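Have a look at the structure below before the remarks.
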Amino acid sequence: MKPKEPTSFTAFASDIYKNEKEDITLKDEKLLLNYDERYFFDEAMQIDLEDIETFGLKEDCPMLYLLDKKGAIHSYDIYRKSLQKDIFTVETEENTYTDIALYKNQIYILDNTSVSAFSLTTWQMLWEHTVPDARAMCIDENGYLYIITTSSSDILKIHKSGEEIGTLTIDGVEDPISITVHKTVEGKEKLYILDASKVTVYDEEETKTATISSEAVSLSSLAVNSKEAVYIGSSSANEDGTIWWGSKDTEIQTRLTTYDEAVKKIIFDSKDSLLVLDTRGVISVVKKQKVYKPSGEITYVFDSTYEGCDWHKMKVDYDIPGHGGSVTVSAGAVDAKGQQPTTKKAFENKKDIYLHEAIGRYLVVKITLQSDPMGEETPEFEKLKVYFPKETYLKYLPGIYQENAQSKELMQRYLSVFQTLMEGVEEKIENSHLLIDPQTTPDGEFLNWLSLWLGLKREKNWSAVQWRELLGKAMYFFKRRGTRAGLSELIELYTQIEDKKNRPIIIEPFQNRCDEGNTANRFDLGKYTFCVIFRPNILKSETELRDVERIVKLWKPAHTEGKVLALKDKMVLGEHLCLGINTSLKEEPFIMGEAALSIDTRLADIEENAQIQSHARLGIDTQTNY
């Protein structure tokens, strides 16, 4: 049924995106192009060392341990970019060092004849196990070492204590080159073994094989990222790229063209950055970046509910990044559902579109998103609004202007320019009330302007959602300004605390009268001073702490002084301790090898195994066999 008055339909991004598309996705109520994660060379670490043979990563620091050809071990702090040379030298015969691995407080060094374990605390040798022709190794989360050799296809399994568990014989493994272990999202650990032509993936349930491109030669190392993509390095320099990657289930055929040095060893860190040691002894960082799809299309159909509808115009809401990209909208009308229009007119980067000769019950709209040439950014499509039936300013002119069809159409299109301008002004006037609503006013200038109405200055570290909520509740907070409850609720709004037990604790001097002032002095509280205390790990950064201090300063009672204290989660001398908050009256379980003096406040032997001429405890790290 034809409407009596012109009307409109609005399709939001979530309405348009009904089914999963390969090239387009929905995020934050906007249509975006999908992306692939690809690795690009980022930087070469400035490590002043020569003859680096191999390296390992200790994730919790994070710290690199480097082993050179002379057996000297060095450490490199990734965050501070500081090198500590010659922290220990392995005293062995003239052997070739092939690999190192780290597990908690121990480091394992592999040469071509044996594997040795050392303490990272004392650098004392814990044990040594003979492994002839050893080539490479890895260690899993349970402390089991897996070692491959050049003389056998079997994999030697050794416990972190030095006990040999046995050997693994995996079908299809021939002349293994490199080995790594990876824990899946489901918590299952899998072994990845590289040989000259394939990667074998093994767990207790099944064995899979991924073939490698025939162009990948002189393979040297492999690594697996968090999405179980397999990366393989080649020890032959090639300007086309020396790292290959692909799926663990199919083929490894894609060359990483952004790195071309000869590879000796590769490993992934916890952020999925690839650390590469080349044959020159240089360690480089190859980081993943988003590369958006070149383009993507999606179609949506509007139904006017009556045949022969003369569609008027469309308004499109989208954003295009500064580096380029485009949004193209094409439309055509049909009377039969499912039918494709014979003619469609395309409009690139247009937000107000006049529909010419679009007559039919259904308006079929195709939206095409195109990324910038480098694939670094994507257009963001938000909504599409269509108007029907066609009603132009021509109706206000004498009938003579409508007698000739050709001149009528020309006049309609000419008048549509002025009609668009006038309707835009009318729409702004009609929606002007939305500008003074904190939930609907546009972000940026208008949100800041509305804040000034209430005597508030936009805080830079507040998100738009948080600030809108504050403006919406401004009168509520103004009425409670200077009160304990009001200050607590405002801090909870900023820190997004949902759990009641994690709410800030406000201590005032009157709460300490029974303690003769001792507790007040403990928090340096004067007569008109209060303290806001946070449980450990509630404030995530120094920035949040500074922002909370600013909130306290602005919203406290005028005659008082407010302090903010973020408790630490460890018992540390000189720091504040609160029973039941960051201190408890119970014995925490002792974890061998993870205690630290002055932090865990325990004096204990952190070694896991007995050593001759060293402290040993019967029944703990030694036992008697009869």
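The values are calculated or read from the model by the stated rules, or taken from the named source; none is laboratory data. Everything numeric in this text was worked out from a predicted model, so none of it was measured. Positions of Cβ are backbone-derived with ideal geometry, glycine not excepted, and every protein chain shown enters the neighbour counts. Surface areas here come from the heavy atoms of the whole protein model, side chains and all, with no ligands, DNA or RNA. Shrake-Rupley method; radii C 1.70, N 1.55, O 1.52, S 1.80 Å.
Data for the structure
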| read-out | value |
| --- | --- |
| Probe 1.4 Å, accessible area per residue of the chain, Å² | 56 Å² |
| Hits among lysines - C-alpha to C-alpha of LYS27 under 18 Å, sequence gap 8 or more where chains match | LYS18, LYS290, LYS293, LYS383 |
| For peptides 2-8, 525-531, sequence by mean Cβ density within 10 Å, most packed first | 525-531, 2-8 |
| Whether the range 1-134 is rounded, prolate or oblate, judged on the alpha carbon gyration tensor where a/c under 1.5 counts as rounded | prolate |
| Length released on extending from ASP499 to SER247, taking residue separation times 0.36 nm less the Cα-Cα span | 86.6 nm |
| Selection from VAL316, LEU567, TYR39, by position along the positive dipole direction of the chain (Cβ) | VAL316 |
| Principal axes of the range 12-83: Cα extent on each, largest first, Å | 65, 20, 17 |
| Pairwise centroid distance, computed over Cα atoms, of the range 191-241 with the range 1-45, Å | 35 Å |
| Listed peptides 388-399, 300-311 by packing density, highest first (mean Cβ within 10 Å) | 300-311, 388-399 |
| Carbon plus sulfur fraction of accessible area for the chain, probe 1.4 Å, in percent | 48 percent |
| Efficiency of FRET from Cβ geometry, CYS61 and THR254, R₀ 41 Å, rounded to 0.05 | 0.80 |
| Electrostatic dipole magnitude of the range 171-248 [Cβ: Lys, Arg +1; Asp, Glu -1; Cα centre; debye, to 20] | 240 debye |
| Residue among PHE510, GLY325, THR299 farthest towards the positive dipole end of the chain, charges placed on Cβ | PHE510 |
| Dipole in debye (nearest 20) - the chain, about Cα centre, beta carbon charges: Lys, Arg +1; Asp, Glu -1 | 3580 debye |
| Positive-end residue, the chain charge dipole about Cα centroid, Cβ charges, pick of ILE165, ALA72, LEU410 | LEU410 |
| Gyration tensor verdict on the chain (Cα atoms; rounded if a/c is under 1.5, prolate if a/b is larger than b/c, oblate otherwise) | oblate |
| Total charge dipole magnitude, the range 385-442, about the Cα centre, Cβ charges on Lys, Arg, Asp, Glu only, Debye to nearest 20 | 200 debye |
